[in-house]
Structures are given as structure tokens and as C-alpha cells.
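Engineer: First the structure, then my questions, so here it is.
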Amino acid sequence: MRIRAFTPRDLTALTDLTIETFRPFYEDSFRPLVGETVFANQHGDWRDDYRREIPRLHAPERHLCVAVADAGDDNGDDDGDGLAGYVAWSVDPDRRNGSISHLAVSAQHRRHHVGTALCEHAFAHMRSLGAEVVEIGTGGDPFHAPARALYERLECRGLPTVVYYRQL
């Protein structure tokens, strides 16, 4: 596995991986938890939301970056297992702040430190742009427990937040 910069040819794989990764959250966790009305209002079009969002994640001229974990052979060939994961981040140089907005690892590559490597890669890039602090958000639900565990292993400190939904 190697981590490399995003290229436009990665877009379809990134979008597909994002939808595959977060489908259980939206369909099996969030939807039953909040009910159909709230689900439809908040995330009823979640797949298309990602299809619109993912292409806008990489704009280095605006300090928006994406790196991919390529599961191809170590010699750089692309004939391995394909895309293992990706991380998207931004940097606000004036505030010296970085933020990871997306992290997704394919099911077959989870528990192999791909997420750790991607985060460390993003952290190094943020530092090179002057960032002194990074923000990473995730959910408090069971689906997001592996993400919370990863961020804690990376010595990030969680800040309790609660979001409430109610159908009117």
C-alpha cells in the first residue's frame, strides 16, 4: 500500500467508496433512529449529496487536499486491490488550523492501519502549511466507534457534542 495524491481518475472510486462506507450509517443506523420524516429532510438524498460533494474536496489552490491509499503493488503498479481508502482535509493558514473532513477505508482494508497512515499523512501536510491544530469530527453512535478509537489512538481529544432532531 502507498499513499499518494488524488488524481481525477480516482473520483469514481472515491465516490463509490464513500457511499459503500457510509451506507450502513445512513440506512441501518440514522434512518431507523430518527424516522422517515427527519431522515428524508436531513439525509434523504445522501448518495447524491456525496456525488456532488466528493468532486469538490480536492482544490489545493484553496488548501483543500485529498490523498488516497492505493492498494496496488509496492512497485507502483495499479494491479493490486485498488483503492484502500482516502482522507480529505483543509487548512486555514491564517488560523494555523487544519480539519479532516472525510476518512474512508474499504472494508477489506480496515483494521490494517490504513486510517492511521492516512491521518498521519494529512497531519504532516497540514504541518507543512503551518497548521498547529487539527480538528476531526465523528459521530457518537455505535457505527462511528471505530473512528473514535482511531482518533483517540492518534491522541486527539474528544469534545462531547449532542445534536437533537425532532419532527415538527
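Any read-out appearing in this document is the output of simple, stated calculations on the displayed coordinates, not a laboratory observation. Not measured: the values here are computed from a predicted model. No Cβ is skipped: glycine too gets one built from the backbone with ideal geometry, and neighbour counts run over all protein chains shown.
Engineer: Work out the P(r) tail for segment 1-98: percent of alpha carbon pairs separated by more than 16 Å, whole number.
Structural biologist: Result for the distance tail: 64 percent.
Engineer: Let me ask something else about it. How tilted is helix 11-23 with respect to the longest principal axis of the chain? Cα atoms for both, answer in degrees (0 to 90, nearest 10).
Structural biologist: It works out to around 40 degrees.
Engineer: While we're here: Using only Cα atoms, tell me the angle between helix 114-128 and the longest principal axis of the chain; keep it within 0 to 90° and round to the nearest 10.
Structural biologist: So the inclination is approximately 70 degrees.
Engineer: Chymotrypsin sites (Phe, Trp or Tyr not before Pro), restricted to segment 113-168: which are DSSP loop and have at most 10 other Cβ atoms within 10 Å? Walk me through the intermediate numbers first.
Structural biologist: Values: sites: F123, F143, Y151, Y164, Y165; in loops: Y164, Y165.
Listed in order of number, the matching sites are Y164.
Engineer: Per residue and in cubic angstrom, what volume does the convex hull of the Cα atoms of the chain have?
Structural biologist: 131 Å³
Engineer: Distance from the Cα centre of segment 119-141 to that of segment 7-73, in angstrom?
Structural biologist: 19 Å
Engineer: Per the Debye formula with a single identical scatterer at each Cα and no solvent contribution, what log10 I(q)/I(0) holds for segment 101-152 at q = 0.22, 0.24, 0.27, 0.32 Å⁻¹?
Structural biologist: Log10 I(q)/I(0), no solvent term: -0.89, -1.02, -1.17, -1.36.
Engineer: A further question follows. Counting only helical runs of four or more DSSP H residues, what would the 222 nm mean residue ellipticity of the chain come to if each run contributes -39,500 (n - 2.57) and the total is spread over all its residues?
Structural biologist: Roughly -10000 deg cm²/dmol at 222 nm, from the helical runs in the chain.
Engineer: Which parts of segment 125-168 would a label at E36 reach, counting a residue when its backbone N lies under 17 Å from a point 7 Å out along Cα-to-Cβ?
Structural biologist: What the label zone holds, given the 17 Å backbone N cut-off, is 167-168.
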